[in-house]
Amino acid sequence: MPLGQTVIEKIFSAHSKDEVKPGNIIWLDLDVRSARDFAGANVVFNLKKHYGDQEKFEDKEKTVFTFDCVVPANNLGYAENQQIIRFFAREEGIRVFDSEWGIGSHVLIEEGYSVPGSTVVGTDSHLNIMGSVGSFGQGMGDQDIAFGMKAGKTWFEVPPTMKVIIEGEIKAPCSAKDLTLAVIKKLTSKGALGRAIEFEGKAIDKLSFAGRITLASMVTEMGGIVGFIPPNQEIIDYFKTRSRSKFTPYYADEDAKYVEEVVIDINDLKPLIALPFKPDNVVEVESLEKDKIHVDSAFLGSCTNGRYEDMKIAVEMLKGKQVAEHTVMKIVPATRTVLGDMIKNGDLQTLFDARALVSNPGCAGCASGQIGMTGKGEVQVSTGNRNFKGKQGAGLTYLCSPATATAAALAGKIISPENL
Amino acid sequence: MKKSVILKGRALVIRNEKTEPIDDIDTDMIFHNKYLHITDINEMGQYAFDNLDGWKDFAKKAKIGDILVLGANFGSGSSRQQAVDCFSALGVQALIAKSYGAIYKRNAINAGMPILQADVIDEIKFIENKDEIEVNLETGLIKNLTKNKEHKAKGMSNVQIDIYHSGNLFEYAKNLK
Ligand code: SF4
């Protein structure tokens, strides 16, 4: 292996015979090929159209469908597309993680498909969330994914890597989401365009599994291809029992080459919030307090903040209290596993008593799924990752941490959790 | 049968009336969204560039075997495959641009359209409309036979050459074991 490689260059070298160098286009072996209920039916269509009478899969064990956008389907379009996938998968013997499982990218991690050092593709534009466990993930179009399922590989242009160094530590009530918003504020939506990111620093090392997912999930909003967080012992142990195969975590060489280094100091980090309609339009929550912005709905969930740790923040804050009278709090665990932990620990009772609405796992608010959309003029605080116009209905979406979303639910207005 | 990696053809250089390169040509200028319902490739050619100032009659100007010479960030914008296919429909052999939009690049490679990256459009002395040029896809050597000049660009990768020989991405996969 040549010296001086970044993480992505190492993962690619282990999955390709071609010369791995930024700018080179290489054939990349794929460990996992997935499609979700969004675009999945088109993947089926392409597979049938191009390989109708041939074997359609390089390896069925490495191919999965995950349903998460709209689960269970609440409109005919999704219902039909999901059924097209079910029929096809049953006939071909492909695994489907159906409507009960939750967000596909998380399920792939929990079920040991996406492991450190692996390569994963799917029709989900946030599949680069795999960087949270040191795996390369990438969202692609339906034709590309159909090809990947058939060929077991795809082509990819090796991106240059930039380094983002975090100085300082995260102090409560701030969490990984506030750190993430601070990074987006600094990089903006174009700061990592066409690049891989490697995150570094003490605060990064200390990030929990859930915190890593939060940060990696929003690299898309920074314009990046993927953002890697070096796996620590906790991550490696996590996969020891669940990985489907042997895995190798990769770390950058000391003399690896970076196109840019950005240092972000978070010593004075305060709870942050992104204003509608741009994820990089980030300000301190406190700066909005004087405006007394009434909050109609607070959404806790999504692939960014749907882990048990995120749920627990809300549970602790809501204990013995109630959501404000003119506010609805919608809570959606990312996966069955998260929901299972909530049931086991009695959290659902706490949330019920607080008058919070809890739904089955999935993308929900983020994809106009099971917990509904926002109406015109509706102010929603959301722990999701995108607040584009029209994405979650006609309302105004602010992006923030679980603590800030819960504070808003309790106060009925936008308020920093420090000042609750 | 393998296709030739040395292509010879007439250059169509996409400059404006002041003979400056036109940068940032987006997919709506290449193939406007009002034609997106068209799925038959044979019908696509007539609309190529029909929303690009100065080049609205491109379909009439283009000849089979032409090689397009383009500016920076060519094909930015949407993911429509028609923005590549409309050129294939007219028999355009290859594209040489200063740079490409990321999705456009993916679509072009997947469709087996040879694309090179080179700054040749900057120099009017190097290339003009209707010059005879020859490009070697493997080595990246671009020869202007009319003006007797050469430019060395980066050759296409093995991946692009593999897909180019197969016709497109899906055909490539059919021949894998
Ligand atoms: S939660 Fe939203 S961003 Fe995440 S995978 Fe689902 S739809 Fe995509």
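Of all residues in the stretch A:247-280, exactly one satisfies the criterion of being polar (S, T, N, Q) and closer than 18 Å to A:GLY201 by Cβ, namely A:ASN267.
Here the stretch A:311-331 is the region considered, the condition is being over 20 Å from A:CYS174 (Cβ atoms) and among the small types (Gly, Ala, Ser), and the residue that is surrounded by the fewest Cβ atoms within 10 Å (Cβ to Cβ) is A:GLY320. Only one of B:ILE161, B:ILE103, B:ILE142, B:ILE121 is out of contact with any Leu (no Cβ under 6 Å at 6 or more places or on another chain) and open to solvent by 70 Å² or more (accessible area, probe 1.4 Å). Can you tell me which? One residue alone meets the criteria, B:ILE103.
For the stretch A:276-310, a residue qualifies if it is open to solvent by less than 60 Å² (accessible area, probe 1.4 Å) and of a type in the set (A, V, I, L, M, F, W, C), and the qualifying residues are A:VAL282, A:VAL283, A:VAL285, A:LEU288, A:ILE293, A:VAL295, A:ALA298, A:PHE299, A:LEU300, A:CYS303. Every listed requirement among (1) surrounded by 23 or more Cβ atoms within 10 Å (Cβ to Cβ); (2) under 27 Å from A:ALA314 (Cα atoms); (3) of a type in the set (D, E, K, R) is met by A:LYS150 save one, (2). Highlighted here are the helices (runs of 4 or more DSSP H) found entirely within the stretch A:332-420 that include at least 3 residues which are open to solvent by 20 Å² or more (accessible area, probe 1.4 Å): A:336-344, A:347-353. Screening B:PRO114 against (1) at pLDDT below 95; (2) within 14 Å of another protein chain (Cβ to nearest Cβ); (3) in contact with a strand residue (DSSP E or B) (Cβ under 8 Å, 6 or more places away or on another chain) leaves a single unmet condition, (1).
Suppose the filter is touching a Cys at 6+ places or on another chain (Cβ under 9 Å) and farther than 22 Å from B:ILE127 by Cβ; does B:ILE41 pass it? Yes. Checking the structure you have, find out if any residue of the stretch A:124-136 is assigned to a loop (DSSP other than H, G, I, E, B) and more than 12 Å from the ligand (Cβ to nearest atom). Yes, the stretch A:124-136 contains at least one residue that is assigned to a loop (DSSP other than H, G, I, E, B) and more than 12 Å from the ligand (Cβ to nearest atom).
The values are calculated or read from the model by the stated rules, or taken from the named source; none is laboratory data. Only a predicted model underlies this, so the values are computations on that prediction, with no experimental measurement involved. When we count neighbours, we look across all protein chains shown, and the Cβ atoms used for this are built from the backbone with ideal geometry, even at glycine. To get the accessible areas, we keep the full protein, side chains included, count just its heavy atoms, and leave off ligands, DNA and RNA. Shrake-Rupley method; radii C 1.70, N 1.55, O 1.52, S 1.80 Å.
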